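Take a look at the structure below.
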Amino acid sequence: MKTISEPYLKQQQILHENPQYGVASLTFAPLVARIISENKIKTISDYGAGKKRLLEGFQKAGLKNFDYFPYDPAFPHYGAPKEGELVCCIDVLEHIEPDFLQNVLIDLSRIVIKYGFFSIHTGPAGKTLSDGRNAHLIQEPTSWWLPKLCEFFDVIRLQVHNHYGRGFWIIVTPKKK
């Protein structure tokens, strides 16, 4: 199942050369570390891991004794997405090509064992792609995202935020099949 086009993958690889691209995970790492500790999570899958800044944030938070599985198509050496008791998808979904969003949500639903933590920005990014488009390909309000997420997940908590622009984070569990 395809989740990204070749031309867009190349653009993402170029963007990831910028050291300031993909830093949102550091902002959310303390909150996610608390979720991990409170729920005794032992396996974390980082979907759209970029340069693994989330792992860096966990280390700064003193989090230990967990398995970390990064996945990002821009970093093929990470390998395929892996299941995790907690799947994090931080500042990723708004970057997905609209034609592939459903496939990405299916992919996420396949690997979330207990919980998903997703953060989504709802407005424009401060960065642009090499072709001039805004880096946030999907700029839609929370009300647009919720039905799409609820097709695959049940919501435990949703919180609006203003980190790096307007958005929300959400904690979900897999829908019962």
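The values are calculated or read from the model by the stated rules, or taken from the named source; none is laboratory data. Just so it is clear, the model here is predicted, and its values are computed rather than measured. Every residue, glycine among them, receives a Cβ derived from its backbone with ideal geometry; neighbour counts consider all protein chains shown. Remember, those area values only see protein heavy atoms, side chains included, never the ligands or the DNA or RNA. Shrake-Rupley method; radii C 1.70, N 1.55, O 1.52, S 1.80 Å.
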**Study point:** ³J(HN,Hα), Karplus 6.51/-1.76/1.60, whole Hz, each residue of the stretch 169-175, x for Gly, Pro
**Key:** 10, 9, 10, 10, 10, x, 5
Practice item. Can you work out the PRE-style zone for Ile113? Point 7 Å along Cα to Cβ, and I want the residues of the stretch 55-93 with backbone N under 18 Å. Key: 64-71, 80-89
Exercise for review: Counting only heavy atoms of the protein chains, get the accessible area per residue of the chain (1.4 Å probe) and round it to a whole Å² value.
Suggested key: 49
Review point. How high is the relative contact order of the chain, given as a whole-number percent (alpha carbon pairs under 8 Å, six or more residues apart)?
Key: 20
Study note, to complete from the structure: CD proxy, 222 nm, the chain: helix-only mean residue ellipticity via -39,500 (n - 2.57) per DSSP H run with n ≥ 4, per residue, nearest 500, stands at -9000 deg cm²/dmol
Review point. Do any GluC sites (Glu not before Pro) in the stretch 56-127 lie in a DSSP loop with no more than 14 other beta carbon atoms within 10 Å, and if so, which?
Key: Glu83
Exercise for review: Could you please state how large a percent of the accessible area of the chain is carbon and sulfur, counting protein chains only and using a 1.4 Å probe?
Suggested key: 52
Exercise for review: Give the relative contact order (percent, whole number) for the stretch 92-177; include only Cα pairs under 8 Å separated by 6+ residues.
Suggested key: 36
Practice item. Could you compute the FRET efficiency for Asn65 and Leu26, with r as their C-beta to C-beta distance and R0 at 25 Å, rounded to 0.05? Key: 0.75
Check your understanding: Within the set Lys82/Lys175; Lys60/Lys127; Lys40/Lys60, which residue pairs have Cα atoms separated by over 20 Å?
Key -> Lys60/Lys127
Practice item. Show me 27-39, 128-140 ranked by packing, highest mean number of other Cβ atoms within 10 Å first. Key: 27-39, 128-140
Exercise for review: Subtracting the Cα-Cα distance from 0.36 nm times the residue separation, let me have the gained length for His16 to Ile156 in nm, one decimal.
Suggested key: 47.2 nm
